Amino acid sequence: MTDLVDTAQRASTVSLTGTGAAVRIEGLLKTFGSVAAVDHINLDIKAGEFFTLLGPSGCGKTTTLRMIGGLERPDAGKVTVGDDVVVSVSDRRFVQPDKRDMGMVFQSYALWPHMTVFENVAYPLKMRGLKKADIGDRVEESLRLVGLEGFSSRPSPLLSGGQQQRVALARALVYSPRVLLLDEPLSNLDAKLRVTMRQELKDLQSRVDVTMIYVTHDQTEALSLSDRIAIMNSGRVEQIGTPEQIYLHPATAFAQDFLGQTISIGGIVIEQGVVAVAGDQENQIHVTMDPSKMAVGDEVTVAIRPEQMLTYDTPPSGEGRNIVRLVVQEVTFVGDRYEYKGQIGDTEAVIPLPATKRYAVGETVYLEFPEAAAVVWPRGAQVADHID
Ligand SMILES: Nc1ncnc2c1ncn2[C@@H]1O[C@H](COP(=O)(O)OP(=O)(O)O)[C@@H](O)[C@H]1O
Ligand SMILES: [Mg+2]
């Protein structure tokens, strides 16, 4: 497989580099029956940005993308691309998808099976009435961009999944769109190819000036590809930020739980800044809490990222340290680490630890939650349903 970086450095006759446009979404609403699939969302996506909609299945990502692309009509709201309003319900304005200057790539490739690679990529240009000579150059350049030089005459069904997805990408890029919409484009690829294609997408974005709006439920893809991420939940946007901002400073329990792993334990506030572990009241930990949001007697969840937690075989000494006990009930080996399932007080938890040390069932692991790293959410704050 040709490396995209190499191919980009070769001389080319046509430049497919367009100009990425900013995309503004205001009050976008779409209901199906009584369900708001997309519930009045607002997004300000910058020109040339790699922007990701991340959330669990059914949270409204695809519907949002389809409304941006014009495949779905919103019930309310407005989408502006650059200076052009492409849809505005209140102004009764709706620009057809092929007039929006956007490329689209879907999970299912959607290539024409009876066409060659060349014909598939040329199709959007033919539709736009380009001259034959111009079409040829642009198609070849687009195929070069995705590392498929020399594949022009190949019938598209004779390509691997990864190659088919490259053709879909080439077809979306061939008319230098201002915006590229990608809906879970790597989901149908096997795990190894997914990692390769992820890197290539990132490289591609740095060379083609296009705004990318990317939909995924995969947190690793979102973290590694995005300039910014919007975490979606039940048709709404929970948080927008860079991967680091959301990972390190999640705004909601859902955002914390969906992006990255968390270890959460139940507790009750016994005084401001002190939480007793549910089911083990003697075990108390100190946390930083907002007194306007939490009061004595409130049930809370204390959450921490696994890598911010310290572990010990024996109880560490020292005053005022946040130590909780986990008694190991089940050990799972997952290659680079073990996952230990057990109880912390009443709460069942799964703790990933490096495979350099193995605890046995029945052993106690002492976990330290440094106060600065522990986050407290009101109990019942919605957490994410993981789908892996
Ligand atoms: N054409 C449709 N008719 C009815 N319900 C739909 C339709 N498309 C999507 N939905 C519903 O809207 C919600 C959001 O769907 P979708 O945007 O596909 O979510 P995601 O892409 O995040 O998985 C889901 O509850 C889904 O069942
Ligand atoms: Mg979807």
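Structural remarks
- The charge dipole of the chain, taken about its Cα centre with unit charges on the Cβ atoms of Lys, Arg (+1), Asp and Glu (-1) only, comes to about 1780 debye.
- Helix 132-145 vs. the chain, principal-axis angle (Cα, 0 to 90°, nearest 10): 20
- Length gained when the stretch ALA191-MET115 is fully extended (0.36 nm per residue, less Cα-Cα span): 24.6 nm
- Expressed to the nearest 5 percent, the antiparallel share of DSSP beta bridges inside the chain is 75 percent.
- Measuring r between the beta carbons of VAL327 and ALA355 and using R0 = 25 Å, the FRET efficiency lands at 0.80.
- Distance histogram for the stretch 261-378 (every C-alpha pair counted, 10 angstrom bins, percent rounded to whole numbers): 14, 47, 30, 8, 1
- Which of PRO354, GLY267, MET102, positive extreme of dipole for the chain (C-beta unit charges): MET102
- Bins of 10 Å from zero: percent of alpha-carbon pairs in the stretch 32-84: 20, 57, 21, 2
- Counting only alpha carbon atoms, the long axis of helix 191-207 and the longest principal axis of the chain meet at about 60°.
- Put simply, the Cα atoms of the stretch 311-357 extend 36, 25, 12 Å along their principal axes, the longest span coming first.
- PHE94-ASP227 pseudo-label distance in nm [points 7 Å out on the Cα-to-Cβ vector]: 3.1
- Listed peptides 358-371, 161-174, 93-106 appear in the order 161-174, 93-106, 358-371 once ranked by packing, highest mean of other Cβ atoms within 10 Å at the front.
- Once the Cα-Cα distance is subtracted from the 0.36 nm per residue extended length, the HIS286 to GLU319 segment shows a gain of 10.8 nm.
- Alpha carbon convex hull of the stretch 125-224, projected area averaged over orientations, nm²: 6.8
- Label point 7 Å beyond Cα of PHE32 along Cβ direction - residues of the stretch 56-81 with amide nitrogen under 15 Å: 56-67, 71-75
- Between the stretch 267-296 and the stretch 41-78, the alpha-carbon centres lie 39 Å apart.
- Candidates GLU49, GLU299, GLU319: whichever shows maximal mean-square fluctuation once the chain is modelled as a Gaussian network with Cα springs under 10 Å: GLU319
- Computed label-point distance, nm, for sites ASP44 and ARG128 using a 7 Å Cα→Cβ extension: 3.0
- For the stretch 4-254, alpha-carbon Rg and Dmax in angstrom: 17.9, 56
- Degrees, to the nearest 10: 117-127 long Cα axis against longest axis of the chain: 70
- In the chain, taking the dipole from charged Cβ atoms about the Cα centre, the farthest positive-side position among GLY20, GLY235, SER57 is held by GLY20.
Computed from the coordinates by the stated procedures, all read-outs in this text should not be read as laboratory data. Computed from a predicted structure; not experimentally measured. Every residue, glycine among them, receives a Cβ derived from its backbone with ideal geometry; neighbour counts consider all protein chains shown.
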